[in-house]
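As structure tokens, the structure follows; a few thoughts come after it.
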Ligand code: ATR
């Protein structure tokens, strides 16, 4: 490793142009008066391991990892935390001076913290989760950590929801049921919280066509998509009087432990940070 490379971290993904991580970490660096940098790096799937080795040699403190590299990042870790092992995916790689790479997953804790702020405990509650990919896996673990009694996973391809449930059942206390999106009305009527983890509704992707009249009026609706911040799902839910929770809370809370790992200080998630990110999304 080079010495004197300074406090440099990266965020690695493909594409990376729309990542808010440089702005987010930049806000905290400025606020905490730390002379550091968070560099966005567009890295194709086939180049991932080679680029990570290069960044490590160049003296980077570590990297945040986003789509499509989270599984590959987990595989590169010499050591990992429980969250990464449970998710089989990592969004944070820390480069230690002895050459070891530590793989962590802060997505689950990010969602847990964001929900704790918005809804408090989910003790005794039923959560309806849409999607069965990597994000859904983390979300099940977050809901379980908050004490949900029941988690119902619905996915376009119902078999993927069943496979995810099989993998997670031994690790969670919550009762898990699964189904396809066609089963939505029956499950929606039972939900205290609806969580979208699918990529539908993300900028450029058409939204899910869900009839929210099936949802109870007191059910809250969370979309982990944050670009756009107000997804069609959240707009529809807000218009019907549901409490809505956007994806920025999760983004900010997953970033805080990464920042601490790179730059040595635990930053605060504040309304000022949210306003800064909202302004950037407005102009995206
Ligand atoms: P991630 O790791 O971000 O969760 P992923 O593993 O590619 O990404 O999963 C994407 C999820 O969004 C899947 O649950 C996918 O449904 P399928 O498994 O049936 O493909 C879901 N998804 C994506 N586009 C969708 C759409 N237009 N309608 C419904 N579900 C969609």
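Each reported figure results from applying straightforward, stated rules to the coordinates on display, with no laboratory input. Please read all numbers here as calculations on a predicted model, not as lab measurements. Virtual Cβ from ideal backbone geometry, glycine too; neighbours counted across all protein chains shown.
Here are a few things to note about the model shown:
- Per residue, the chain reaches -11500 deg cm²/dmol at 222 nm when only DSSP H runs of four or more residues are counted, each adding -39500 (n - 2.57).
- For the range 108-246, the convex hull spanned by the alpha carbon atoms encloses 93 Å³ per residue.
- Top of 237, 83, 58 by mean-square fluctuation, Gaussian network on the chain, Cα under 10 Å: 58
- Calculated log₁₀ intensity ratio I(q)/I(0) where the Debye formula runs over C-alpha points of the range 166-231, q = 0.19, 0.20, 0.24 Å⁻¹: -0.90, -0.97, -1.18
- In percent, rounded to a whole number, the relative contact order of the range 1-141 is 21, using alpha-carbon pairs under 8 Å and six or more apart.
- Most mobile listed residue (86, 118, 31) in the chain, GNM with C-alpha springs under 10 Å: 31
- Gyration tensor (alpha-carbon) shape descriptor, the range 140-195, a/c threshold 1.5: oblate
- Whole-percent P(r), the chain, all Cα pairs, 10 Å bins from 0: 7, 29, 35, 22, 7, 1.
- Modelled spin labels at residue 49 and residue 23, positioned 7 Å past Cα toward Cβ, are 3.5 nm from each other.
- Debye log10 I(q)/I(0) at q = 0.18, 0.22 Å⁻¹ for the range 4-135, Cα point scatterers: -1.06, -1.39
- Alpha-carbon centroid distance for the pair the range 181-242 / the range 65-88, whole angstrom: 28
- Average Cα contact separation per residue, the chain, under 8 Å, 6 or more apart, as relative contact order %: 15
- Each 5 Å bin from 0 upward holds the following percent of the Cα-Cα pairs of the range 200-284: 3, 13, 20, 20, 17, 12, 8, 4, 2, 0.
- Cα-based equivalent ellipsoid, the range 203-249: semi-axes from gyration tensor eigenvalues, Å: 18, 13, 7
- Of 33, 236, 183, the residue with the greatest mean-square motion in the GNM of the chain, using alpha carbon springs below 10 Å, is 33.
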